[in-house]
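Data block below; observations after.
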């Protein structure tokens, strides 16, 4: 039966390579949405500052997921079809981000487009959650499941709360909703550095 | 002669890497075809719902081929020029999908564009079949050919029947033809999960 | 000195990975140039048939270079800066192909655009020749240079003659010039199969 | 603690693969900005010569960073979050290049766009410097830091001086500013070859 089990399973190396490829294209083609302003000089540049900010936000979002994806997938060496399809659904959700980024840009960050943007991020988070479940299921089968890092779990919950809050917020104050989404990015980047510094101190 | 044989053959690792790259770009650039609707709010989003659906269909199609490609290519470690060129013809066929997806979108799923879409899928299936033949030829030479998984073979035949049926169907009912194409996607994703669950049960 | 030599050298794995990535993007983004015709039905499809043909030509050209690149680079495991920059110049030349493909398409295969297309192919061939020289220099240093396969050398010369002939030909008969370019593609694909069949026969 | 440290660290292989993917897409999608001129014949080609030159400049800039990135990252086998996020910020800066390249092209190399172009290159250089610091910090921790190659350090300083000088220069003479940027590219490609030739001579 073992040979058959191995047969039904994939090495995660090619899954990682494909995911890296798709995320690399996603993160880069968003730059194609940036249009050169008609106005010359500094005025023109300032007029597209909000667009550059949204681009930075989408770039950070994808980059953070790439880091988290890496952390998650390297816990297994082989995967089943459940993981494969969960991963593909995650990539599908992530591939919609350039479109919804463009939506926010073209609609000048109006309430509906910002709500859609937040909703697309929640959809990506949900698909990533499915991928996490599928991988933890595999780890449970092989008895390798460890208690997940609490700091990471708290971050996932805080992110979800902020994304979900961003949708009604967008109705009244689209820019504050964008601020909430930005906060998620900051949560993921800053505390990690802190945690790591602590770890460094502890290891001395 | 052995050195010469090895010389004429490729390791499949770089073939896999290149195929992954091409499929990753194909699956992602399709999102560039999604245009933000002019109308604001929910109305605008609903107006592009059919387009999002076609995007999902093309994404799933490519994703399923990526999974099947992985299953097929990992059966060999080295390949000859026949496999190489069959693989390149498969990638060529797959690379046309974003164009024919765009065709369906811009022509608002009219009969001809849906028939073309189905025809492009049949062309991809045919090139993938050539790749399968080229790889099985290699396996036969080295005496490693096993009987192909019956379930997979049935799925290939069912897919082909549905794609071929979609062409005349598109003439009368383009949406039903799109439904047939969707059904293929469902066949590939759902039963795999079932089969695997069975395998799990059997292995206990 | 050895450590220093090693220091100055690159493993070719990352060079291959980067080249694969660039060639995968080049070969795929060309599909973005294909525009859905305004006319409905078969008429519309026929009106873009020449465009699809040029796309096929550019795809084959890039695919053949990918195969040749693979054959060339795998002969060394490490490379110096000369190889690195020769490879980057080759990738630069190859990256212009989507532009000159688009040139031919938008200018409806007029004499000048077809001549440019052939010139861009010669430029790519020239940069690839530099890469070959840089790699053979390395092989000579390590004493690993073997006599190059004669069949391949003949193909390279025939390709160059046809590309160079295509430029003046394009002035009078752009379609015949495109035919000459097509012939190069055929030369690369067909005889390889023949040679390999012979090799198979010989090895029995 | 060791297991925990390993847990917090990444193998650089996937970081390299992702960076290669992003840089490959960046370097290639710039070709999409090249527009076929309206004028036919040689006149049309000459009218876009400055655009092709800017494309060559941006391609070389990205290519040189890819080479430097390779040299830098291969010095470590594992990395921490600091390196990860420094690398992502570098990729973000690099991903803006196609946009600012397009800016220069669409604004016909006016003072402001050329200054922006130089500023974007300084931003990329700054992020790359952060990546260098993060990696040297790791090497210091493991006691593997060697004195950096002096030639390379001089090149980094010369590049920075030229980029910073290009901004005020662009105000008066945009083309001379572009010349300064071109000079940086030449500095990186030519002397490397020289240095290597010297190394070859020395090793005899």
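Provide Rg over Rh for segment A:48-90; use the alpha carbon set for both Rg and the Kirkwood Rh (inverse mean inverse pair distance). Kindly include the intermediate steps, with their values, before the conclusion.
Working: Rg = 14.7 Å, Rh = 12.2 Å.
Over the Cα atoms of segment A:48-90, Rg/Rh equals 1.20.
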One decimal, nm, shortest first: give the distances between the label point of residue B:161 and those of the same position in the other copies, each label point 7 Å from Cα along Cα→Cβ. 5.4, 5.4, 7.7
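If eta is 0.890 mPa s and T is 25 °C, what Stokes-Einstein diffusion coefficient results for segment B:82-145, Kirkwood Rh from Cα pairs, in µm²/s? Intermediate values should be presented prior to the final figure.
Values: Rh = 12.8 Å.
Diffusion coefficient, whole number: 191 µm²/s.
Determine the shielding of peptide A:80-93 by partner chains: average, over its residues, the number of Cβ atoms on other chains within 10 angstrom of each Cβ.
Numbers: counts 5, 6, 4, 0, 5, 9, 0, 1, 9, 4, 0, 6, 7, 0.
Partner-chain Cβ atoms within 10 Å, mean over residues of A:80-93: 4.
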If segment D:65-190 were replaced by its equivalent ellipsoid, with semi-axes equal to the square roots of 5 times the Cα gyration tensor eigenvalues, what would those be, largest first, whole Å? 30, 16, 10
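Determine, for each peptide in C:23-34, D:177-188, B:77-88, the mean count of other beta carbons within 10 angstrom over its residues, then list the peptides with the highest first. Intermediate values should be presented prior to the final figure.
Working: C:23-34: 24.3, D:177-188: 18.8, B:77-88: 21.0.
Result, highest mean first: C:23-34, B:77-88, D:177-188.
Can you give the average number of partner chain beta-carbon atoms within 10 Å of each beta-carbon in peptide D:31-44, as a whole number?
5
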List the distances, in nm to one decimal, from the label point of residue B:129 to the label points of the same position in every other copy, shortest first, placing each label point 7 Å from Cα along the Cα-to-Cβ direction. 4.3, 4.3, 6.1
Ordered shortest first, which distances in nm separate the 7 Å Cα→C-beta label point of residue D:53 from those of the other copies? 3.8, 3.8, 5.3
Once you put a point 7 Å from the Cα of residue B:176 and another 7 Å from the Cα of residue C:187, both along the Cβ direction, what distance in nm separates them? 5.3 nm
Rounded to a whole number, the mean other protein chain Cβ count within 10 angstrom for residues of B:123-132 is 0
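We did not get these values from a lab; they are worked out from the coordinates using the rules stated. For clarity, every value in this text was computed on a predicted model and none was experimentally measured. Positions of Cβ are backbone-derived with ideal geometry, glycine not excepted, and every protein chain shown enters the neighbour counts.
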